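Asks: Sharing a structure, written as structure tokens. Questions coming.
The values are calculated or read from the model by the stated rules, or taken from the named source; none is laboratory data. Remember, it's a predicted structure, so these values are computed and weren't measured experimentally. Because the Cβ atoms are built from the backbone with ideal geometry, glycine has one as well, and the counts that use them run over all protein chains shown.
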Amino acid sequence: MQNSNQSSMQHSPRRPLLNKLFLAIAGVAMLGFADAFYLTLDHYIALPLPCTATHGCETVLNSVYAMVGPIPLAAFGVAYYLIVAAFALYLYTSDDIMGWKIKTMFALATIGLLASVAFVSIQAFLIGAYCLYCLGSAICTVILFILSTWLLSARQESNLRPSP
């Protein structure tokens, strides 16, 4: 027997929107993962790194700001994007979408956005060069933030509507 919370979410006209948002978040996170994974591999095995649009990838990736101790920043991006994608897929398959879970997704996206703003600022003001792949990651993070904001809003609206 379903509890009333499960029943109201399954019959909610907003659940399809929430599901689409979960899948969109997972998809964008996987794009970010691919970008960060490529940069992480480049750090360890020196992959070809074409950077024709900005001509600053090597400068940025070889700067003192590209590492936290022995770990490249891109490796943290790999972990971040995997966590976001896994959490979004978990929410997509879950019958129990409690508000704190949506707020956690929003918090993850906000942390990513703040980190991206800091990293782009470092490129602009301290390094004086831009990495095309880093900017791609920042764009993924901005999109994740927008989607998670929309998710938070859609979830709050579905809580305000009575179930049919």
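Asks: Do we have residue 127 as over 19 Å from residue 39 (Cα atoms) and among the hydrophobic types (A, V, I, L, M, F, W, C) here? Write out each step before concluding.
Replies: Values: over 19 Å from residue 39 (Cα atoms): no; among the hydrophobic types (A, V, I, L, M, F, W, C): yes.
Spelling it out, it is not the case that residue 127 is over 19 Å from residue 39 (Cα atoms) and among the hydrophobic types (A, V, I, L, M, F, W, C).
Asks: Okay, moving on. Starting from region 85-114, keep only residues that are hydroxyl-bearing (Ser, Thr, Tyr), then list their pairs with residues that are modelled with pLDDT of 95 or more and buried (at least 16 other Cβ atoms within 10 Å of the Cβ) whose Cβ atoms are within a distance under 6 Å, requiring at least 6 positions of separation or different chains.
Replies: 92/22
Asks: Out of region 26-41, which residues are over 20 Å from residue 66 (Cα atoms), of a type in the set (A, V, I, L, M, F, W, C) and surrounded by fewer than 17 Cβ atoms within 10 Å (Cβ to Cβ)?
Replies: Hits for region 26-41: nothing passes.
Asks: Report, by residue number, each residue of region 131-153 that is touching a residue at least 12 places away in the same chain (Cβ under 8 Å), surrounded by fewer than 20 Cβ atoms within 10 Å (Cβ to Cβ) and either among the hydroxyl-bearing types (Ser, Thr, Tyr) or in contact with a Cys (Cβ under 8 Å, 6 or more places away or on another chain) (or both).
Replies: If the condition is that a residue be touching a residue at least 12 places away in the same chain (Cβ under 8 Å), surrounded by fewer than 20 Cβ atoms within 10 Å (Cβ to Cβ) and either among the hydroxyl-bearing types (Ser, Thr, Tyr) or in contact with a Cys (Cβ under 8 Å, 6 or more places away or on another chain) (or both), then 132, 149 are the ones that fit.
Asks: Does region 61-75 contain any residue that is in a strand (DSSP E or B), of a type outside the set (A, V, I, L, M) and over 26 Å from residue 156 (Cα atoms)? Step through it out loud before you land on a result.
Replies: In the first step, residues of region 61-75 are kept if they are in a strand (DSSP E or B); the result is 67-68, 71-72.
From the residues that got through so far, the ones that are of a type outside the set (A, V, I, L, M) too are 72.
Next cut, over 26 Å from residue 156 (Cα atoms) only: 72.
Yes, region 61-75 has at least one match.
Asks: Residues that are part of a helix (DSSP H, G or I), of a type in the set (A, V, I, L, M, F, W, C) and closer than 22 Å to residue 65 by Cβ: does region 94-109 have at least one? Let's see the steps before the verdict.
Replies: If we filter region 94-109 for residues that are part of a helix (DSSP H, G or I), which is where we start, we get 99-109.
If we keep only those that are of a type in the set (A, V, I, L, M, F, W, C) too, we end up with 100, 102, 105-109.
Keeping just the survivors that are closer than 22 Å to residue 65 by Cβ gives none.
No, region 94-109 contains no residue that is part of a helix (DSSP H, G or I), of a type in the set (A, V, I, L, M, F, W, C) and closer than 22 Å to residue 65 by Cβ.
Asks: I would also like to ask the following. Among the numbered criteria (1) modelled with pLDDT under 95; (2) part of a helix (DSSP H, G or I), which single criterion is violated by residue 135?
Replies: So residue 135 meets the others, but not (1).
Asks: Please find, within region 55-100, the residue that is surrounded by the fewest Cβ atoms within 10 Å (Cβ to Cβ) out of those that are of a type in the set (Val, Ile, Thr) and within 19 Å of residue 134 (Cα to Cα).
Replies: So in region 55-100, the residues of a type in the set (Val, Ile, Thr) come out as 59-60, 64, 68, 71, 78, 83-84, 93, 97.
Now narrow it down to the ones that are within 19 Å of residue 134 (Cα to Cα): 59-60, 64, 68, 71, 78, 83-84.
Numbers: 59: 17, 60: 25, 64: 7, 68: 10, 71: 11, 78: 20, 83: 14, 84: 26.
It comes out as 64.
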